[in-house]
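**Q** Let me begin by handing over the structure; questions about it come next.
Bear in mind these aren't lab numbers, they're just calculated from the coordinates by the rules spelled out. Since this is a predicted model, take the numbers as computed values, not measurements. Ideal geometry is used to build each Cβ from the backbone, glycine not excepted, and the neighbour counts take in all protein chains shown.
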Amino acid sequence: MSQLKRGGAKQGELKRGGAKRYDPDKARQLPGARAFLLYLLPMPMLFVALWRMLGGNTSSALGFALCFALCMVAATLVRNGLSIEQEAKRRKIVRRSSTVPYKLIGAGVLGGAIFIGAALGAKIAFFSSVLLGIAAAVGAVFTYGTDPSRNAPDMPAVGVTSEEVLEILNEADEKIVAIEAARDRIHNVEMKDRLKNIVKGVREITDIVEDDPRDLRRARKFLRTYLDGAQRVTEGYADTHKYGDNGELEDNFRNVLETIENVIEEQKGKLLENNLTELDVQIEVLQMQLEKEGV
């Protein structure tokens, strides 16, 4: 196949577009780590509330307990905002401006929590409590920043919204991670190498879609239906393979992987050529093969 170009990039030189490999565990851990202090610092208020309750000071105990609860809500809101911010940095496509400004709301809730804790729990003067609440809200904004811009419009020319594109890309990433996990359980070197090439090819396809969401129409079936089948057949082989070698099973799996590799190359080429019809036929043939092969 000749080297096809789009935007100056050659087919054989597709890169991840600066986006890091998707790691769902890391994606969950990083926002939680940054918001950890918001969960940790209010903990003494819970013990103070219990102490005041045991001492018979119900109103003060209620103030500290309510402050603690609202601080937990604020921490969760800020954590959600950090997760969205991380996704915006990882992806070239951002969500629409209708996305909730979690960090800003979280800062406001934190300010209200500190005000209630100071005024009702610690019995500090009203004006001083207001100042403490404002200081806490401003401090949260300075510490965690504001919510990332969400001004990316819908893409009517493509026929989908940015959320739909991101949903499909994220689903594809999760399937890639599942294929890689199954690959780690396979001991056959040939199969592992083929799966490694397949994962690389799929990532190149998601890069093409991320660079130009207009390609989603041509890649939707591949990224959803077909990639889902590739995941299932890989996991099925990995589960069966652990019970011992089976020549017929390996031959069937090898044939499927060869077909997958061919379809991936065809998919990349057709995306760059903006040609859909012939590729749809190839994918239909592959789907039939996945259903027929006993792997």
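**Q** Give the calculated FRET efficiency between A135 and S59 to the nearest 0.05, with a Förster radius of 35 Å applied to their Cβ-Cβ distance.
**A** Step by step, r from the Cβ atoms, then E = 0.90.
**Q** Something else now. Between E190 and R224, what length in nm is gained on full extension when 0.36 nm per residue of separation is reduced by their alpha carbon distance?
**A** Length difference between fully extended and current span is 9.6 nm.
**Q** Let me ask something else about it. What distance in nm separates the simple spin-label points at T240 and A33, each placed 7 Å from Cα in the Cβ direction?
**A** Here the modelled spin labels are 4.1 nm apart.
**Q** How big is the range 173-253 on each of its three principal axes, counting only the C-alpha atoms and giving the largest first in Å?
**A** For the range 173-253, the Cα spread along each principal axis is 45, 19, 19 Å.
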